[in-house]
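Worksheet: the structure to be examined is printed underneath.
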Amino acid sequence: MALIDDADLNRIRRIRNGRLADIFFRWLTWSFMALVLLMLGGVIVVLVQGAAPALKLFGFDFLITAKWNPVTDEYGALVPLVGTLATSAVAMLVGVPASFAVAFFLTELCPYKLRTSLSTAVELLAAVPSIIYGIWGLFVAAPFFQATVEPALAAWLGPIPLIGQLFSGVPIGIGILLAGLILGLMILPFMTAVMRDVFETVPAVLRESAYGLGATRWEVVWKVVLPYCRTGVVGAVMLGLGRALGETMAVTFVIGNAHRLPKSLFDPATTISAALANEFTEAVSDTYTSALIALGLVLFLLTFIVLAAGRRLLLRAEVAKTGGGK
Amino acid sequence: MTRVQTRRITDIVMTVIALAVTSLVLLILGAILWTLLSNGLSALRPSLFTESTPPPGSQGGLLNAIFGSAVMTGLAILAATPIGVMAGTYISEYGRNSRLAHIVRFVNDVLLSAPSIIIGLFVYGIVVVQMGHFSALAGVVALAIIAIPIIVRTTEDMLGLVPDALREAAAALGSPRWKIIAKVSYRAAFQGILTGVLLAVARISGETAPLLFTALNNQFWSSNLNAPMANLPVVIFQFAMSPYEDWRQLAWGGALIITATVLALNIFARLLTRKRTGRS
């Protein structure tokens, strides 16, 4: 009788095959994971490479030059950069308090029966493609702003010194104000959904003890819930800001695409993403293309910083929650 | 006024503000959907689904754009699903708490929320410039790059929910690691991963910006992956910005089709997860 029979050999072979398959599978998953890393690296390399000619030509002045002239081939990022920052600022000024109010309503005020369906509705709205917000802005909101909202704002706020300047000029509907408001509306469901999730991590005991001490609903939210999930809320706001900065379609329709430094919120302007969407396929000279890619690089760095900070904060909020909860 | 009174009044004022803001927001969002529905429904004629996009001033449909969108979204998901699932598997099953996994998770999150127009620029650089012309293939690559991070994220999350006891039981029976992952982890997390894929489909079917300078657009019927291909989002963009009434009508019709598709996919994905959490 042999020491090792056929059945044993088969078993050994199977184990060895299993090991080989194991190594192969691990290698396979590893390489796809590496692909994800490569993608981000690739984005950075391609943008830097594409932007290099323009950046070499214009140097640091690219960021602070307001000129954008395809005829003389001179470009500067100032106007689109200002447009991006201004529309995002308007969006955040309106969107953050509004999404906080809606989250407050959903977690504290809303009747229990309505809560789930309303929360689901908000989350579904966050999934509506941004182009829908864009065409609604162009066809419905813009005429309304031109005829009603902007003249009224100019009449009320125009005479006030300092901020009056922001609400002056010809009300044509399309411009920074409308683009910012549409953006704010678009990121609102998203920020509300994240905020609501964060609010729900507050232990019921904390809320109940505050109510037990006689706190009003507003006080519970403002002095207990909000401080408890401060990092999470800031994270949600940063993610919203990241979206607002990079959003293309909701803005392109209603910004007016004018390469002029805006003097008031009614003025048409352009943003980095809108300039890319409108001009990239029409860019004829190499410098033009390169300047547009350089704009893209600026936008990427801007959103990268904001998003990285936002994710960091949300992650920390999560760690604090799981670490402190148990 | 006593302190209690001030506190109560603040509470009432804030409650009223929150109520007002919430109803205003819901009103506006409702108005958006209403406009979409009323304008879209009137544009919804049978010819929308049987004819290609017309030149300005004449009748036509969106057949070529619907076809193009379906093809590009489908191919992009076919490419993105294995890549995303595999990468998510590595992070969740092999990496877990390693430093590498943390880095990949972070990079994936950055990609997840990077502006989609930047992805378009990237694909323009790596595909369009190399090939020398715009093509549907470039559009597919752009959409896949947007879909991958979503699938990675949900795969990782869902595999993380699979109890380790299941894996340990399989390991105790002597199965190799890959078999544990393929036959235990994947099966337990199947519905969750499917949800992620559906959400990715929903996300990329509405994406416009990355297609603007990759797939471009095509006024005619084309099934050639090597040439520009029509697609709903870009057609909506161009037609809505145009001064022609017929084109604008078609844009509304297309917008309604996209929104309905995206919402239906989201609701379906939600039902899937609800069933899963309901059972466990």
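The values are calculated or read from the model by the stated rules, or taken from the named source; none is laboratory data. Remember, it's a predicted structure, so these values are computed and weren't measured experimentally. Because the Cβ atoms are built from the backbone with ideal geometry, glycine has one as well, and the counts that use them run over all protein chains shown. To get the accessible areas, we keep the full protein, side chains included, count just its heavy atoms, and leave off ligands, DNA and RNA. Shrake-Rupley method; radii C 1.70, N 1.55, O 1.52, S 1.80 Å.
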Residue count, the stretch B:61-75 (criterion: open to solvent by less than 10 Å² (accessible area, probe 1.4 Å) and part of a helix (DSSP H, G or I)): 4
Qualifying positions in the stretch B:151-176 - among the hydroxyl-bearing types (Ser, Thr, Tyr) and open to solvent by less than 10 Å² (accessible area, probe 1.4 Å): B:THR155
The correct count of residues that are surrounded by fewer than 18 Cβ atoms within 10 Å (Cβ to Cβ) and either part of a helix (DSSP H, G or I) or modelled with pLDDT of 90 or more (or both) in the stretch B:34-53 is 8
Across the stretch A:139-157, what is the number of residues that are over 30 Å from A:LEU106 (Cα atoms) and open to solvent by 30 Å² or more (accessible area, probe 1.4 Å)? 12
In the stretch B:33-61, how many residues are without any contact (Cβ under 8 Å) to a residue 40 or more places away in the chain and of a type in the set (Val, Ile, Thr)? 2
Could you tell me which of the residues B:ILE148, B:ILE119, B:ILE103 is at negative phi, part of a helix (DSSP H, G or I), open to solvent by 30 Å² or more (accessible area, probe 1.4 Å) and in the same structural domain as B:MET72 (by TED's automatic domain parsing)? B:ILE103
The lone condition B:SER205 fails out of (1) open to solvent by 10 Å² or more (accessible area, probe 1.4 Å); (2) in contact with a Gly (Cβ under 9 Å, 6 or more places away or on another chain); (3) of a type in the set (Ser, Thr, Tyr) is (2)
Some residue of the stretch B:258-272 being modelled with pLDDT under 90 and among the polar types (S, T, N, Q): no
How do the pairs read when you match residues in the stretch B:11-26 that are at the interface with another protein chain (Cβ under 7 Å from one of its Cβ atoms) and over 14 Å from A:ALA98 (Cβ atoms) with residues anywhere that are hydroxyl-bearing (Ser, Thr, Tyr) and open to solvent by less than 70 Å² (accessible area, probe 1.4 Å), using Cβ under 6 Å and keeping only pairs 6 or more apart or on different chains? B:ASP11/A:THR216
Hey, does the stretch B:217-229 have a residue that's within 10 Å of another protein chain (Cβ to nearest Cβ), within 22 Å of the chain's Cα centre (by Cα), not in a helix (DSSP H, G or I) and not acidic (Asp, Glu)? yes
Which one is surrounded by the fewest Cβ atoms within 10 Å (Cβ to Cβ) among residues in the stretch B:87-100 that are within 7 Å of another protein chain (Cβ to nearest Cβ) and of a type outside the set (Val, Ile, Thr)? B:TYR94
If you go through the stretch B:101-134 one residue at a time, how many are aliphatic (A, V, I, L, M) and facing chain A (nearest Cβ under 8 Å)? 11
Are any residues in the stretch A:1-53 touching an Asp or Glu at 6+ places or on another chain (Cβ under 8 Å) and open to solvent by less than 70 Å² (accessible area, probe 1.4 Å), and if so, which ones? A:THR29
Do we find a residue being among the charged types (D, E, K, R), open to solvent by less than 30 Å² (accessible area, probe 1.4 Å) and at pLDDT below 90 anywhere in the stretch A:74-88? no
Considering only residues that are in contact (Cβ under 8 Å) with a residue 60 or more places away in the chain, small (Gly, Ala, Ser) and farther than 30 Å from B:PHE220 by Cβ, which ones fall in the stretch B:62-108? B:GLY84, B:ALA87, B:GLY88, B:SER92
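Residues checked against (1) away from chain B (no Cβ under 14 Å); (2) touching a residue at least 24 places away in the same chain (Cβ under 8 Å); (3) of a type in the set (Val, Ile, Thr):
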| residue | (1), (2), (3) |
| --- | --- |
| A:CYS110 | no, no, no |
| A:THR116 | no, no, yes |
| A:GLY137 | no, yes, no |
| A:ILE160 | yes, no, yes |
